[in-house]
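The next block holds one structure in the form of structure tokens; read it before the comments.
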Amino acid sequence: MILVTGATGNVGGHVARQLHERGHGVRALVRDPSRAGGLPAGVELAVGDLDDPAGVSNAVQGVEAVFLMQAGGGSGQTRTVIDAARNAAVPRIVLLSSVGARLLPLEDNPMGAALAAREQLLRESGLGVTYLRPNTFASNALWWRDSVRAGKVVSPAGDGRHGVIDPEDIARVATVTLTQDGHVGKGYFLTGPEGLTAREQVEIIAEVTGRSIDFEDITPHEFAQAAIRRGTSPEEAHLLERLHAFLRTGRAGFVTDDVENITGTAPRTFRDWCERHVDAFR
């Protein structure tokens, strides 16, 4: 039995499905069972969330591995999972982290620093952990859905490139590392086959959808101020400003062959993801 957290999300849902298709027992930790309708029949549901120590303790009983996708801020959820996994003698945890946890300097990348702190807790826990560090999700393009329909995308990303990766490819790596030996203690940087700017991603969406889409580059500060006017707290907007300023440097623009090395299949392109999700932009 393998416990999947975040099982109704962009990656966790694919992990649960792929594990189930390969004949593994799957238990999904879900906050709201009504949102689990997309999971395959036969997936066991454990109702709860990572802020509930008792619920997590119950969910890890009898599992041989945990796919950990932490949704909350800080490291409290990580500590809860560590305590529960240690008490239940869970031999293997696969953490969904991010390349941001290793993009230096961390003092310029506060969200990456938070991710790095979670990784450090797991390293110090003595548990068998594998660290998956994906680059930008292709599905993040859905944030532009309304803008694409309106014919104009505004972005603070500048010329910074991202090794955009299909969430299904992340899930393929997770499935292997959850079920095969040789990955404990290792960290993998997961990217698609090419580094793309936001402008290039929008151009691909335009080509795939047949839409005419304008692109406007604004500064991270302008983006943050617009977010505040829409109701984002100044503190959160400031963090976003720092993140976008950091990403404009292009430090996330690298690509790796970790997906192919682990799964035996090359990662798919952003264009392929767009073609499979074209209806979402219409």
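Residue by residue through the stretch 250-282, note down the ones that are modelled with pLDDT of 95 or more, in a loop (DSSP other than H, G, I, E, B) and surrounded by 14 or more Cβ atoms within 10 Å (Cβ to Cβ).
The answer is V255, T256, P267, R268, T269, H277.
Give me the pairs: first residue in the stretch 212-225 and in contact (Cβ under 8 Å) with a residue 24 or more places away in the chain and buried (at least 17 other Cβ atoms within 10 Å of the Cβ), second residue among the charged types (D, E, K, R) and outside any helix (DSSP H, G or I), beta-carbon distance under 8 Å, and six or more apart or on different chains, which are they?
Final answer for the pair search is I213/K152; F215/K152; P220/R248.
Examine the stretch 52-64 for a residue that is surrounded by 16 or more Cβ atoms within 10 Å (Cβ to Cβ) and within 22 Å of F137 (Cβ to Cβ), and state whether such a residue exists.
Checked the stretch 52-64: no residue is surrounded by 16 or more Cβ atoms within 10 Å (Cβ to Cβ) and within 22 Å of F137 (Cβ to Cβ).
So the check is Cβ under 7 Å with 6+ separation or different chains; which pairs have a first residue in the stretch 7-25 that's farther than 11 Å from T179 by Cβ and a second one that's in a helix (DSSP H, G or I) and basic (K, R)?
These pairs meet every condition: T8/R35.
Sort out which residues of the stretch 9-62 are of a type in the set (D, E, K, R) and either touching a Gly at 6+ places or on another chain (Cβ under 9 Å) or outside any loop (DSSP other than H, G, I, E, B) (or both), and write them in order of number.
R17, E21, R27, R31, R35, E44, D49, D51, listed by residue number.
Is it the case that some residue within the stretch 121-129 is at pLDDT 95 or above and in contact with a Gly (Cβ under 8 Å, 6 or more places away or on another chain)?
yes
Of V30, V26, V47, which residue is hydrophobic (A, V, I, L, M, F, W, C) and modelled with pLDDT of 95 or more?
Exactly one of V30, V26, V47 is hydrophobic (A, V, I, L, M, F, W, C) and modelled with pLDDT of 95 or more, namely V26.
Looking only at residues in the stretch 229-244 that are in a helix (DSSP H, G or I) and loosely packed, with under 14 Cβ neighbours inside 10 Å, which one is modelled with the highest pLDDT?
R229
Identify the residue in the stretch 82-104 that is part of a helix (DSSP H, G or I) and not aliphatic (A, V, I, L, M) and, among all such residues, is surrounded by the fewest Cβ atoms within 10 Å (Cβ to Cβ).
Among those residues, the one meeting the criterion is N87.
The values are calculated or read from the model by the stated rules, or taken from the named source; none is laboratory data. Everything quoted here is computed from the prediction, not taken from an experiment. Reconstructed Cβ throughout: ideal geometry from the backbone, glycine too, with neighbour counts over all protein chains shown.
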